[in-house]
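Only one structure is covered here, and it is reproduced in the block below.
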Amino acid sequence: MKETFEFLHLLSIDKFTETRMYELLEHFGSPKKIVDATQAELASKVGQELARQIKLFSAHALHEKFEIIQKLGINIIPYYSPQYPAWLKDIAHFPPVMFARGAIVPNDEISIAVIGTRGASIYGKEIARRFAGEFAAAGVTVVSGLARGIDTEAHRGALQNNGRTIAVLGCGIDLCYPPENKKLMRDIAEQGAVISEFDMGTPPFAQNFPKRNRIVSGLSKAIVAIEAKEKSGVMNTVKWALEQNKDVFAIPGNIYSRTSLGTNRLIKDGAIPVTSADEVLDYLGMKYTRKEREAKKILLDDQEATVWAALSFEPTYLDTIAEKTLQPTSVILKALLSLEIKGYVKQLPGMSFVKNFE
C-alpha cells in the first residue's frame, strides 16, 4: 500500500482511538491527507494534543516496522479497501483499519466462530477439531482467536480438512501469542488469514481480548461455544454475538466440570444446544456450501444458475421461482429438468422443487 508509512504513524499514536481514525478518514479521505493537513485543521477535529502528535510524523522512525511488514507479507487494510470484509462493516464499532497476513476472500462471509476455554479438556479439544473439520469440509470458514486450547484445535481442525480459517489476534500482527503457535500462525496465513486491529508490536494485554472478540463474532454468521468457564472470554464473545444478532450454539457438558459451567449456563439462557456439527450446518443452511459453490462455478450455465439462486432446501413452488427470476415458465422448467438430471434439484408434489445433494 502506498500510504503504509502514514498508517503506521497514525496507528502508533497513543490514545488515537479507532473512532478518531474513522472520523479523520471520513473527513480527509486518506491517511496521507490526514498527515498533510495543517495542525489547525486537525485540531478542529481531534483537539490540539492529537493534532500536534500527528504533525510530528517521521517516516524515518517507522522504517523498522516497514521492514517487518515486507518480511512477513503484512497488508494494512482500511475499511474503504476492496480487501476489507464488507460484512464486518455491518457491526457497530468495526475496526477502521486492520493488519492482515494472508487474505480474507468473499467466500469467508459464510463462516462460523468456534470458541472455548484455554484450559480445555481432552474431550473439548477433540470436539473443537471435529466440529471445525466438518465445517471446513462443508466449505465453511472457521474463525477463532489462536489462543491455547479450543481456539488452537479449531484452527487445526480446519487446516487438516483443507479448509479456510481466520485467526483474530489480541496483539500486534508481528507477534505470536501464545508463542508455541508460531507454525500454526504461518499455516493459517497460507490457507486463510491472520488479522489484528492493534498496532505492530502491541503486547497481548488482557484488555485487548474483550475488544478483539467483537471481530471474532462480527466476521461470523454464528458462534459455537465448546467449553467455557462462567466468567471468561467466551462469555464476552457471546455477549458481542447477541448484540450483533448472531446465532449462538453451545455444546452440553459434564455438570461437574468447571470447563462446562459456562456452556451449560449459555444453554439455560437460550443458546441452542448441539451435539454434532451437522446440526449447526443444518440449522444455518450451510450443510452443502461447498457443493453449492462447485455447482455454480463449474456445472451450471447462466440460466441454470439463475433458477438455482431462486431455490433453497425448503420446497419452492414454480410460480415463486417465476416471480424471483422474472423468467417464462417454459425456460424455468427446462432449467429445472437439466438441474434434476444433474442431481442438484428434486421435484416434489404440487410442482415444487428443492435443492438436492443427498
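The long axis of helix 182-191 is offset from the longest Cα principal axis of the chain by roughly 50 degrees.
So, by mean Cβ neighbours within 10 angstrom, what's the order for 109-117, 162-170 with the highest one leading? Numbers along the way, then the final one.
On the way: 109-117: 26.9, 162-170: 24.9.
Peptide ranking by packing, descending: 109-117, 162-170.
Taking other C-beta atoms within 10 angstrom as a stand-in for reagent exposure, His155, His27, His63, His9 fall in the order His63, His27, His9, His155, fewest first.
So what is the calculated 222 nm ellipticity per residue for the chain, using -39500 (n - 2.57) for each DSSP H run with n of 4 or more, over all residues, to the nearest 500 deg cm²/dmol? Write down the numbers at each step before the final one.
Details: 17 runs with 163 residues, N = 358.
Taken over the chain, the calculation gives -13000 deg cm²/dmol.
Amide H contacts under 5 Å for Phe353: Thr316, Tyr317, Leu348, restricted to partners 5 or more places along the chain or on a different chain, H placed in the peptide plane at 1.01 Å from N.
By count of other Cβ within 10 Å, fewest leading, how are Glu227, Glu23, Glu64 ordered? Could the numbers behind the result be given before it?
Working: Glu227 31, Glu23 14, Glu64 11.
Sorted ascending by nearby Cβ count, the order is Glu64, Glu23, Glu227.
Expressed to the nearest 5 percent, the antiparallel share of DSSP beta bridges inside the chain is 45 percent. Around the amide H of Arg164, modelled in the peptide plane, lie the amide H atoms of Val142, all under 5 Å away and 5 or more residues distant in sequence or on another chain. Computed from backbone phi with θ = phi - 60° and the Karplus coefficients 6.51, -1.76 and 1.60, the 3J(HN,Hα) list for region 195-211 is 10, 7, 8, 8, 4, 4, x, 5, x, x, 5, 4, 6, 6, 6, x, 5 Hz; x is used for glycine and proline.
To the nearest 20 debye, what is the magnitude of the charge dipole of the chain about its Cα centre, counting +1 on the Cβ of each Lys and Arg and -1 on the Cβ of each Asp and Glu? Let's see the in-between values first.
Details: 44 positive and 42 negative charges, 151 e Å.
So the dipole magnitude of the chain works out to roughly 720 debye.
The 3J(HN,Hα) values that the Karplus relation (6.51, -1.76, 1.60; θ = phi - 60°) gives for region 81-87 are, in residue order, 7, x, 7, 6, x, 4, 5 Hz. Gly and Pro appear as x.
Cross-link check: pairs Lys183/Lys246; Lys239/Lys268; Lys15/Lys65 evaluated at a Cα-Cα cut-off of 21 Å; pairs beyond the cut-off: Lys183/Lys246. Here region 266-355 yields Rg over Rh of 1.09, to two decimals, using C-alpha coordinates and the Kirkwood radius. Here's the picture: charge each Lys and Arg Cβ at +1 and each Asp and Glu Cβ at -1 in the chain, and of Thr325, Thr275, His93 the one pushed furthest to the positive end of that dipole is Thr275. Applying a DSSP loop filter and a limit of 12 other Cβ atoms within 10 Å to the trypsin sites (Lys or Arg not before Pro) in region 229-315 leaves Lys231.
Projecting the Cα positions of Gly170, Leu311, Ser338 onto the charge dipole of the chain (unit charges on Cβ atoms of Lys, Arg, Asp and Glu, taken about the Cα centre) puts Gly170 furthest along the positive direction.
With charges only on Cβ, +1 for K and R and -1 for D and E, what is the dipole size of region 289-355 about its Cα centre, in debye, rounded to 20? It would help to have the intermediate numbers written out before the result.
Details: 10 positive and 9 negative charges, 61 e Å.
Result for region 289-355 is approximately 300 debye, rounded to the nearest 20.
Ordering Gln347, Ala222, Leu62 by the projection of their Cα atoms onto the charge dipole of the chain, which places +1 on the Cβ of Lys and Arg and -1 on the Cβ of Asp and Glu, puts Leu62 at the extreme positive end. Compactness of region 196-347 is given as radius of gyration and Dmax, 21.5, 63 Å, from Cα positions.
Residues with beta-carbon under 15 Å from that of Asp187, excluding Asp187: net charge, scoring Lys, Arg +1 and Asp, Glu -1?
Working: positive: Arg101, Arg129, Arg156, Arg164, Lys182, Lys183, Arg186; negative: Asp151, Glu153, Glu180, Glu190.
Once all neighbours under 15 Å are counted, the net charge is +3.
Karplus-based coupling profile of region 110-119, in residue order and whole Hz: 8, 9, 10, 8, 10, 9, x, 5, 5, x, with θ = phi - 60° in 6.51 cos²θ - 1.76 cosθ + 1.60 and x standing for Gly or Pro. Checked against a 25 Å cut-off, the cross-linked pairs Lys324/Lys355; Lys125/Lys229; Lys71/Lys211; Lys89/Lys182 give Cα-Cα distances beyond that limit for Lys71/Lys211; Lys89/Lys182.
Any idea what the dipole of region 1-120 comes to, in debye rounded to 20, about its Cα centre with Lys/Arg Cβ at +1 and Asp/Glu Cβ at -1?
Values: 13 positive and 14 negative charges, 45 e Å.
For this selection, approximately 220 debye.
Here region 1-121 is described by how far its Cα atoms reach on the three principal axes: 54, 33, 32 Å, from widest to narrowest. When Rg and Dmax are taken over the Cα atoms of the chain, they come to 23.2, 73 Å. Residues whose amide H falls under 5 Å from that of Ile272, counting only those 5 or more places apart or on a different chain, are Val248, Phe249, Ala250, with hydrogens built in the peptide plane.
Every read-out reported here was derived from the displayed coordinates using simple, explicitly stated rules and does not represent laboratory data. None of the values given here were measured: they were computed from a predicted structure. As a convention, Cβ positions derive from the backbone with ideal geometry for all residues, glycine included, and neighbour counts pool all protein chains shown.
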